[in-house]
Amino acid sequence: EDQVTQSPEALRLQEGESSSLNCSYTVSGLRGLFWYRQDPGKGPEFLFTLYSAGEEKEKERLKATLTKKESFLHITAPKPEDSATYLCAVQASGGSYIPTFGRGTSLIVHP
Amino acid sequence: NAGVTQTPKFRILKIGQSMTLQCAQDMNHNYMYWYRQDPGMGLKLIYYSVGAGITDKGEVPNGYNVSRSTTEDFPLRLELAAPSQTSVYFCASSYALAGGGETQYFGPGTRLLVL
């Protein structure tokens, strides 16, 4: 069974204080790993897709990396507007291709 | 493009009532999904569809039904509402590619309260 574990559950940062969010996964062959951002009262919004170990993608202050067992979402010099819940999902290469989601990390950035 | 739209935004139901949550997408996506999200519990898949006329159960299908008569629409039916169905419901769609990595596009959600 595919499993996705995100840590920490919640993270509070001061503006400018860089940190990383973790997504550990167990899947029988990775087809894709996704990161989404979810603002309160809204649906998740796509950030990145990673396909293979060693791959990295960047968008503004965010950088996602991937190994064979986990992915990190690095946040560099965060701003209050980066406050949101960040969701990770994995898609296995066999079966129905339906992604499995982690529970998310709630990030609050204080000014 | 409107993307994925959901109606209603909020609804209060009495125990035992029924209702249909509407979902539509205008991106010609073949895959559509229904999730529920409870506080701190992430997204739980209820049902999904890989194309018109084809639906399948997800992780938590009990108490729900779906149909997919067109590519655009994927309504979720709640029969005999129970307090355990109080949640936020998200509809999503994606375009399945042979190479993988299908991004899901989510609607704004329907907040349902069953009393």
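Tabulated data for the structure shown
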| item | result |
| --- | --- |
| Extension gain (nm, one decimal) between A:A53 and A:T26, 0.36 nm per residue minus Cα-Cα | 8.3 nm |
| Where a label projected 7 Å from the Cα of A:H74 along Cα→Cβ would reach, residues of segment A:15-33 with amide N under 18 Å | A:16-24 |
| Net charge dipole size for chain B [Lys, Arg +1 and Asp, Glu -1 on Cβ; Debye, nearest 20] | 400 |
| Distance-filtered residues of segment B:1-30 - backbone nitrogen under 16 Å, label point 7 angstrom along B:Y95 Cα→Cβ | B:1-4, B:25-30 |
| Among the listed pairs B:K14/B:K57; A:K42/A:K79; A:K69/B:K9, those beyond 30 Å (Cα-Cα) | A:K69/B:K9 |
| Cβ charges +1 (Lys, Arg) and -1 (Asp, Glu), total dipole of the protein assembly as shown, debye | 420 |
| Computed label-point distance, nm, for sites B:T86 and A:E60 using a 7 Å Cα→Cβ extension | 3.5 |
| Mean Cα-pair separation over length for segment A:30-111, i.e. relative contact order, pairs under 8 Å, 6 or more apart, % | 29 |
| In range of the label at A:F46: residues from segment B:1-40 whose backbone nitrogen is under 19 Å from the point 7 Å along Cα→Cβ | B:1-6, B:24-35 |
| Within 10 Å of each Cβ in A:39-52, the average number of Cβ atoms from other chains | 4 |
| Cβ-derived FRET efficiency at R0 22 Å, B:E79 paired with B:T5, nearest 0.05 | 0.40 |
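Any read-out appearing in this document is the output of simple, stated calculations on the displayed coordinates, not a laboratory observation. Because the structure is predicted, anything quoted here is derived from the model rather than measured. Neighbour counts run over all protein chains shown; Cβ positions are idealised from the backbone, glycine included.
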